[in-house]
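To keep things clear, I will list the structure first and then write my remarks on it.
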Amino acid sequence: MTKNSCNTQRRYVIVGAGMAGILAAIKLREAGKDNIRVYEKADRIGGTWRENTYPGLTCDVPSHSYTYSFEPNSEWTRHLPPGDEVQAYFESVVKKYQLEEIISFNEEITDCQFNNEQWQISTSKGNTDYADFVIAATGVLHHPRIPAIKGMEKFKGKLFHSARWDHSAVLDNQRIAVVGTGSTGVQIVTALADRAANLCHYQRTPQWIMPVVNAEFSEAEKALFRNNTAALKRIQNDPELEVNIERFSVAITEPDSAAMHEIENIVRQNLESSVSDPELRERLRPDYRAACKRLIYSETFYQAVQKSNVDILTEGVEVIEEDGIRSLDGTLREFDIIVLATGFHADRFMRPMQITGENGITLEQAWAERPTAYMSVSIPGFPNLFMLNGPNGPVGNFSLIEIAEQQWHYISQLMAPVENGEYRKISATQTALDNFDKARIAAAKKSIFGSGCQSWYLDSQGVPATWPWTRAQFKAAMHKPDFSAFHMI
Ligand code: NAP
């Protein structure tokens, strides 16, 4: 598409049709902005909920919180929603808002250059486009981390990453290995324990497990939510849950707080009371603080790993052979299926898209040290480009929908002076980013994420890349921009 000089409508390009991209499209349209194109590399919407289809996939954020504030859902079946229900929710929202007509599927943006005060965009289909504003809603965890284990190609059974689940693999009565003990590995092991003939969970690092009750919503409750808007709003903004989430956010920012000690007591007690074999209990006991890695919520993981067909293996993976996995102690265990629940490259964000801002500066150059953005949304030298769920946002066990909505509130105010013609471009100043980063890094090192464990929250220099202050402080920061932190001309 070429620019139509008669068209005074600003053009908005959204990268990605996941939760955040859908949000941006809805909000733009709501504000009367219709010149929008969403580019989606896949053939369906949904982002992480499209890509992850493994057995046991569950959102660990309560369903009514993991819901757009403006699109409540009376039909959630459980307190923690199954992954396919989350995907179905987003699909229903896209349908309701008729967003398909503005989404280009199977079309990845490969290159984005800021020229003549607009973004010039090239796509994988060889198309070119332009945008006055680019909204990068590309998600965080979308590039699977495949470990460099020798011999993977020799395995004659099925081997795949958790986010590339091979649904042709028969699971029942099979010999299954799961490598990795993050939220994903724990959910898969819990789901397969009753199905596999034997299930070996390769654990490099044990996890603290927060007990949770994932009750179903009764038909009566769903009927109440359907017919009573106030009841639906009340559960969506459950004051008790609000207090707990805020308390959790205080705990992770203040590791010595009573709130953090309370969490530690709960997870320790969960381990002590749930695992009867003392030897297994010690194998499952982490040597780092609770919530240093993303805290895992599970109702039945400890029960699952105590079944006679399930083993927690700590010997370490040496090599994958034709028939199975040889551990570092020399033991070969034979499997039909090996699942790599080994996580994601969490530092990719908009990449591999090539982005070139003002004066030829590339994103790779801007992020040479680490991915960073002022208030998580704006990068100096990349005007009129904003990120949703970009680097340095709050990610620890919070609803990313709530965070994206707050970020949108902030970004929409940043776009306004350009939209109304007062200015032509806006991006954070280098000074604002430097000051923000200095304060952020100092606080991050003191947060629970910096208390001495390995996790995807850490950047390449071992510093937690997440928002290091409380959730309430994030909300306050997103309420109104301080325009003196922005370069506007
Ligand atoms: P992850 O938390 O990064 O965990 C990866 C796991 O793989 C770790 O246990 C890691 O061990 C292990 N690992 C990596 N390479 C290995 C190797 N070569 N040998 C043995 N073990 C290896 O990844 P994830 O479980 O996919 O979860 C990522 C994030 O996705 C979560 O933190 C969460 O934010 C999100 N998620 C959310 C939900 C939800 O309920 N909302 C569900 C699933 C995922 P080490 O710990 O020793 O490094």
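The values are calculated or read from the model by the stated rules, or taken from the named source; none is laboratory data. In this text, all values refer to a predicted model and were calculated from it rather than measured experimentally. A quick note on method: Cβ atoms are made from the backbone with ideal geometry, for glycine too, and the neighbour counts reach across all protein chains shown. Accessible surface areas use protein heavy atoms only, side chains included; no ligands, DNA or RNA. Shrake-Rupley method; radii C 1.70, N 1.55, O 1.52, S 1.80 Å.
Residues in the stretch 170-189 that are hydrophobic (A, V, I, L, M, F, W, C) and open to solvent by 10 Å² or more (accessible area, probe 1.4 Å) were compared, and the one that is farthest from the ligand (Cβ to nearest atom) is Val170. Among the residues making up the stretch 87-129, those that are touching a strand residue (DSSP E or B) at 6+ places or on another chain (Cβ under 9 Å) and among the aliphatic types (A, V, I, L, M) are Val94, Leu99, Ile102, Ile103, Ile109, Ile121. In the stretch 471-489, which residues are surrounded by 19 or more Cβ atoms within 10 Å (Cβ to Cβ) and of a type in the set (Phe, Trp, Tyr)? If the condition is that a residue be surrounded by 19 or more Cβ atoms within 10 Å (Cβ to Cβ) and of a type in the set (Phe, Trp, Tyr), then Phe474, Phe486 are the ones that fit. Filtered by the rule that a residue be under 22 Å from the mean Cα position of the chain (by Cα), within 27 Å of Ala368 (Cβ to Cβ) and part of a helix (DSSP H, G or I), the stretch 445-489 gives Lys445, Phe449, Gly450, Phe474, Ala477.
Report yes if some residue within the stretch 370-393 is farther than 30 Å from Ile296 by Cβ and open to solvent by 40 Å² or more (accessible area, probe 1.4 Å); otherwise report no. Step through it out loud before you land on a result.
The initial filter retains those residues of the stretch 370-393 that are farther than 30 Å from Ile296 by Cβ, namely 374, 378-386.
From what is left, the residues that are open to solvent by 40 Å² or more (accessible area, probe 1.4 Å) are none.
The answer is no, given that none of the residues of the stretch 370-393 is farther than 30 Å from Ile296 by Cβ and open to solvent by 40 Å² or more (accessible area, probe 1.4 Å).
Checked against the criterion of being outside the structural domain of Gly450 (by TED's automatic domain parsing), surrounded by fewer than 16 Cβ atoms within 10 Å (Cβ to Cβ), touching a helix residue (DSSP H, G or I) at 6+ places or on another chain (Cβ under 8 Å) and free of Cβ contacts under 8 Å to residues at least 24 places away in the same chain, the stretch 303-321 has no qualifying residue.
Can you name the residue in the stretch 451-470 that is more than 16 Å from the ligand (Cβ to nearest atom) and not aromatic (Phe, Trp, Tyr) and is also surrounded by the most Cβ atoms within 10 Å (Cβ to Cβ) among such residues? Among residues in the stretch 451-470 that are more than 16 Å from the ligand (Cβ to nearest atom) and not aromatic (Phe, Trp, Tyr), the one surrounded by the most Cβ atoms within 10 Å (Cβ to Cβ) is Pro468. Evaluated against (1) touching a helix residue (DSSP H, G or I) at 6+ places or on another chain (Cβ under 8 Å); (2) closer than 22 Å to Leu363 by Cβ; (3) not hydroxyl-bearing (Ser, Thr, Tyr), Glu108 falls short on exactly one condition, (1).
Of the helices (runs of 4 or more DSSP H) lying entirely inside the stretch 268-381, those containing at least 2 residues that are touching a Lys or Arg at 6+ places or on another chain (Cβ under 9 Å) are 363-366.
Quick check: is even one residue across the stretch 65-82 farther than 30 Å from Pro239 by Cβ and open to solvent by less than 40 Å² (accessible area, probe 1.4 Å)? Taking every residue of the stretch 65-82 in turn, none turns out to be farther than 30 Å from Pro239 by Cβ and open to solvent by less than 40 Å² (accessible area, probe 1.4 Å). Residues in the stretch 33-64 that are among the aliphatic types (A, V, I, L, M) and more than 16 Å from the ligand (Cβ to nearest atom) were compared, and the one that is surrounded by the fewest Cβ atoms within 10 Å (Cβ to Cβ) is Ala42. Only residues that are out of contact with any helix residue (DSSP H, G or I) (no Cβ under 8 Å at 6 or more places or on another chain), within 11 Å of the ligand (Cβ to nearest atom) and open to solvent by less than 30 Å² (accessible area, probe 1.4 Å) were counted in the stretch 328-346, giving 1.
Taking the conditions (1) surrounded by 14 or more Cβ atoms within 10 Å (Cβ to Cβ); (2) assigned to a helix (DSSP H, G or I); (3) modelled with pLDDT of 95 or more in turn, Ala223 satisfies each one other than (1).
Here Tyr202 clears all of (1) of a type in the set (Ser, Thr, Tyr); (2) free of Cβ contacts under 8 Å to residues at least 40 places away in the same chain; (3) open to solvent by less than 20 Å² (accessible area, probe 1.4 Å) except the condition numbered (2). For Arg145, the conditions (1) touching a residue at least 40 places away in the same chain (Cβ under 8 Å); (2) over 18 Å from the mean Cα position of the chain (by Cα) are fulfilled apart from (2).
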